[in-house]
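Contents: one structure, followed by commentary.
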Amino acid sequence: MNALPETHPVWLVGAGPGDPELLTLKALRAIRRATVLLVDDLVDDAVLKCARRSARIVHVGKRGGCRSTPQTFIEQLMLREALAGERVVRLKGGDPFVFGRGGEEAEFLRAHGVQVEVASGITAGLAAATALGVPLTHRDHAHGVILVTGHPRDADAALHWRTLAAAAAQGLTLVIYMGVAEAARLQHELQAALPGSTPVAIVQHASRPAQRSAVTTLGGLVATLEAESLGSPSVIIVGDVLRGLASLPAAAQLAA
Ligand code: SAH
């Protein structure tokens with residue numbers, strides 16, 4: 001009788017924002033044990049150096065060949081490798097459960113009887129705040145923080161931005177992922193409830209050697225992105241917690 005090979009749990013691992021120093025010990029252990037790693041675009045090569053030499057590394061992001069690997073293909077591949085007895089790590093930028101489709105992947109694997117383990121990662125929004133030296137919930141300025149996508153799926157985009165503007169006006173810091181392509185809309189819609197002088201920061205490649213940032217106002221967001229050639233991957237932070245930054249434009253300093 002053919003015994004089924006032992007099936008190991010699939011690990012959904014947060015690779016953090018880039019700097020390998022920001023990996024958790026749990027993530028590092030999972031990466032070192034892995035025989036197969038399915039890796040997203042946003043995972044830094046420095047993190048991949050932690051994998052064993054014999055491990056098979058499959059890039060399933062845009063660098064993987066096609067524009068973007070279909071989600072169903074990734075899920076099937078994880079399942080197939082796990083059932084073949086491999087120690088599979090699904091490595092994702094930041095935290096696997098923050099805009100990373102980690103939830104869908106975990107559901108898929110569990111539905112097929114494969115155990116799932118999760119290693120949290122430092123999400124890009126936190127690394128971006130650290131890059132600026134800004135506490136996202138400084139109690140003089142904000143009583144909370146919203147991690148939000150600039151690209152709401154199936155949602156009414158105008159309502160999405162109006163709701164966020166109202167929340168920011170009530171003292172919640174906005175940390176916007178995937179917002180660069182939507183910057184013109186974001187700038188326009190948020191100004192319905194927030195003054196154009198509201199402080200805004202953009203941080204690209206947070207925690208990586210290529211890290212760059214700019215501090216501006218809501219009214220100056222698009223112009224600043226263009227002038228500084230800041231693109232994806234970037235996090236956009238909006239709110240009064242940025243007021244302490246010396247690099248904040250004079251218009252926002254005056255409005256404080
Ligand atoms: N799971 C990831 C987010 C994936 S969504 C996390 O927890 O960080 C992809 C978006 O994350 C990008 O469009 C960008 O907004 C942000 N992002 C990821 N890595 C980043 C980095 N090093 N610096 C700035 N933004 C980053």
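Quick note: the coordinates plus some simple rules give every number you see, no bench work behind them. The structure displayed is predicted, hence computed values, not measured ones.
In order along region 93-106, phi translates into HN-Hα couplings of x, x, 9, x, 9, 10, 6, x, 6, x, x, 5, 5, 5 Hz, rounded to whole numbers, per the Karplus curve 6.51 cos²θ - 1.76 cosθ + 1.60 with θ = phi - 60° and x for Gly and Pro. Taking only the Cα atoms of region 10-119, the ratio Rg/Rh comes out at 0.92, with Rh defined as the Kirkwood radius. When DSSP beta bridges are restricted to pairs lying wholly in region 124-255, around 70% turn out antiparallel. Once C-alpha pairs closer than 8 Å and six or more residues apart are averaged by separation and normalised to the residue number of region 137-222, the relative contact order reads 27 percent.
Helix-only mean residue ellipticity at 222 nm, the chain, DSSP H runs n ≥ 4 weighted -39,500 (n - 2.57), per residue, nearest 500. What is it? Please list the in-between numbers first.
Numbers: 9 runs with 79 residues, N = 256.
Rounded to the nearest 500, it is -8500 deg cm²/dmol.
Would you kindly calculate the mean projected area, averaged across all directions, of the convex hull enclosing the Cα atoms of region 78-203, in square nanometres? Computing the convex hull of the Cα atoms and averaging its projections yields 9.6 nm². Seen from every direction in turn and averaged, the convex hull around the alpha carbons of the chain projects onto 15.0 nm². For the chain, relative contact order (Cα pairs under 8 Å, six or more residues apart, normalised by length) works out to 19 percent.
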